[in-house]
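J.: Have a look at the structure that comes next, please.
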Amino acid sequence: MSLKGLPPALGLLLLAPACAEYLSGYDTSTGDVTELLGGLFVFVPLYGAAALLIREGARRAGRGWPTMFLLAAAFGVLQPGLIDQAMFNPSYRDIPFLAPMLEPTYIPQLGIGAYLSLHWVAGHVVFSVCAPIAVVESFMRPERRTTPWLGRPGTVVTAVAFAGAAWFVVRWHLETEDFVPSTGQLAGAGAVVLALVAVAFAVRTRPGPADPRPAPGPWAVGGVTLVLMSISQVLEWTTSLVGWTGFAVYAGRLAVLAVLLVLWSRRTGWGQTHRLAAAGAALLVQAAGAFVTQPLGDVSAAAKLGHNTAFALGVVVLIILAGKKAELR
């Protein structure tokens with residue numbers, strides 16, 4: 001790892017788990033500084049290393065965001081399908097709010113809930129991988145945003161750390177959960193992961209803008225992303241909508257957002273501030289949703305408010321600083 005690549009690599013290693021696990025304030029660790037710091041020993045090599053490996057793999061292959069997005073989707077299946085196996089576990093950690101998200105769209109033949117599975121995958125794509133990468137790359141000079149940050153030794157160490165964390169989580173859940181997925185479920189999830197990886201490296205980034213029209217401003221991109229990302233929060237607050245209608249709305253808003261971002265990215269003037277606006281809007285929605293999320297366990301109101309406020313302010317400050325760097329560069 002070069003010295004120039006060390007700060008952004010470390011930044012991504014820390015930001016990815018913070019966005020993936022802590023920003024939503026759903027767990028027993030909410031407001032507990034000791035538990036939050038302790039959790040990083042697992043979450044940094046699990047989420048941070050995964051995000052870093054996804055970015056390195058795409059950048060080393062000369063690929064861009066389409067490849068990173070598809071690799072993020074592969075991780076979005078790998079994590080709940082093969083690592084913590086939450087996608088197949090109907091009583092995962094006995095979390096009470098998962099049952100209303102699972103049962104209305106449960107598919108017995110697959111042993112999954114369509115809505116909940118989409119929730120797992122989309123959450124990892126956005127919060128575990130893509131948003132953290134977009135934020136960290138905004139701090140970099142333009143030429144460093146598309147180059148690898150790790151050397152071969154650093155890549156190997158990162159991969160080993162991820163594999164170790166993944167194995168730890170698998171073993172922990174085997175020991176603590178009274179559930180084991182079927183061979184067919186594991187094989188199916190593995191096949192989907194491999195297919196997404198293959199498609200990811202088959203996609204090539206188009207050089208230069210293909211549409212002469214000007215791209216919308218970063219504020220417009222952020223505003224549209226904010227509205228579309230908020231739909232999923234409303235659905236999950238209103239459990240009556242977490243059914244097949246909710247699934248269609250959830251999938252539809254993801255498709256609309258993805259299409260808009262792809263089309264806008266092909267226009268003249270599209271740049272890092274636009275990518276940051278989309279990522280920042282998604283993080284703000286997650287931070288806002290944390291204030292109405294009831295954490296697991298016995299978390300006091302003061303601890304919850306302090307946690308949510310600190311992370312929300314952290315997101316705002318991070319976006320402002322990243323925006324200033326992106327505009328200057």
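The values are calculated or read from the model by the stated rules, or taken from the named source; none is laboratory data. Small disclaimer: the values here were computed from a predicted structure and weren't measured. Note: ideal-geometry Cβ built from the backbone for every residue, glycine included; neighbour counts use all protein chains shown. Keep in mind that these areas ignore ligands, DNA and RNA; they rest on the heavy atoms of the full protein, side chains included. Shrake-Rupley method; radii C 1.70, N 1.55, O 1.52, S 1.80 Å.
J.: If I model a spin label at Leu313 and Val170 as a point 7 Å from the Cα along the Cα→Cβ vector, what separation in nanometres do I get?
T.: Result for the modelled spin labels: 4.2 nm.
J.: Can you give me the C-alpha center-to-center distance between segment 97-155 and segment 34-78, rounded to a whole angstrom?
T.: Comparing the Cα centres of segment 97-155 and segment 34-78, I get a distance of 8 Å.
J.: Take the alpha carbon atoms of segment 26-122, find their radius of gyration, then divide it by 2.2 N^0.38 Å using N residues; give the quotient.
T.: 1.26
J.: Just the number, please: carbon plus sulfur as a percent of the accessible area of the chain, 1.4 Å probe, no ligands or DNA/RNA counted.
T.: Solvent-exposed carbon and sulfur of the chain make up 70 percent of the total.
J.: Could you work out how far helix 152-176 tilts from the main Cα principal axis of the chain, as a 0 to 90 degree angle to the nearest 10?
T.: 20
J.: Let a ≥ b ≥ c be the square roots of the eigenvalues of the Cα gyration tensor of segment 139-290; is it rounded (a/c under 1.5), or, if not, prolate (a/b larger than b/c) or oblate?
T.: Verdict is oblate for segment 139-290.
J.: So what is the relative contact order of the chain, in percent, for Cα pairs below 8 Å that sit 6 or more residues apart?
T.: Relative contact order comes out at 30 percent.
J.: Using the Cα centre of the chain as the reference point, and only Cβ charges (+1 on K/R, -1 on D/E), how large is the resulting charge dipole? Debye, rounded to the nearest 20.
T.: 1880
J.: If you don't mind, another one. Just check segment 36-93 against the gyration tensor rule for me: Cα atoms, a ≥ b ≥ c as the square roots of the eigenvalues, rounded for a/c under 1.5, and otherwise prolate or oblate depending on whether a/b exceeds b/c.
T.: oblate
J.: Report, in degrees rounded to the nearest 10, the 0 to 90 angle that the Cα long axis of helix 301-328 makes with the longest principal axis of the chain.
T.: Orientation of helix 301-328: about 20 degrees from the principal axis.
J.: Residue by residue through segment 127-140, what is 3J(HN,Hα) from phi via Karplus (6.51 cos²θ - 1.76 cosθ + 1.60, θ = phi - 60°)? Round to whole Hz and write x for glycine and proline.
T.: Values, residue by residue: 8, 7, 10, 5, 4, x, 5, 4, 5, 5, 5, 5, 7, 8 Hz.
J.: Shifting gears a bit: Quick one: order Glu175, Glu137 from most to least accessible surface, probe 1.4 Å.
T.: Output order, biggest surface exposure first: Glu175, Glu137.
J.: In terms of the Cα gyration tensor, with a ≥ b ≥ c the square roots of its eigenvalues, is segment 220-323 rounded because a/c is under 1.5, prolate because a/b exceeds b/c, or oblate?
T.: Since a/c reaches 1.5 but b/c is at least a/b, the shape of segment 220-323 is classed as oblate.
J.: Testing the spin-label approximation: label points 7 Å from Cα along Cα→Cβ at Ala255 and Ala191. State their distance in nm.
T.: Label at Ala255, label at Ala191, 2.3 nm between them.
J.: If you take the Cα Rg of the chain and divide it by 2.2 N^0.38 Å, with N the number of residues, what do you get?
T.: The reported ratio for this selection is 0.96.
J.: Using only Cα atoms and rounding to the nearest 10 degrees, what angle (0 to 90) does helix 6-17 make with the longest principal axis of the chain?
T.: 30
J.: Now for a different question. Using 0.36 nm per residue, how much length does the chain from Leu321 to Thr268 gain when fully extended, once their Cα-Cα distance is taken away?
T.: My answer for the length gained is 16.6 nm.
J.: Could I ask something else about it? Work out how much length Ala288 to Ser91 would gain on full extension: take 0.36 nm times their residue separation and subtract the Cα-Cα distance, in nm to one decimal.
T.: Result: 68.2 nm gained on full extension.
J.: Right, next: Sum up the charges of everything whose Cβ sits under 13 Å from the Cβ of Ile319, counting Lys and Arg as +1 and Asp and Glu as -1, but leave Ile319 out.
T.: Net of charged neighbours comes to +2.
J.: Now, a different point. How much length is gained on full extension from Leu110 to Phe201, taking 0.36 nm per residue of separation minus their Cα-Cα distance?
T.: Between Leu110 and Phe201, full extension yields an extra 30.0 nm.
J.: Could I ask something else about it? Which residue, chosen from Leu318, Ala202, Trp244, occupies the Cα position most advanced towards the positive end of the dipole of segment 186-329, where the dipole is computed from +1 (Lys, Arg) and -1 (Asp, Glu) charges on Cβ about the Cα centre?
T.: Ranked along the dipole, the leading option is Ala202.
J.: Summing -39500 (n - 2.57) over the DSSP H runs of n ≥ 4 in the chain and dividing by its residue number, what mean residue ellipticity at 222 nm do you reach, to the nearest 500 deg cm²/dmol?
T.: So the helix-based figure for the chain works out to -20500 deg cm²/dmol.
J.: Take the chain, connect every pair of alpha-carbon atoms lying under 10 Å apart with a spring to form a Gaussian network, then pick out the residue of Val197, Val180, Val129 with the largest mean-square fluctuation.
T.: Top of the fluctuation ranking is Val180.
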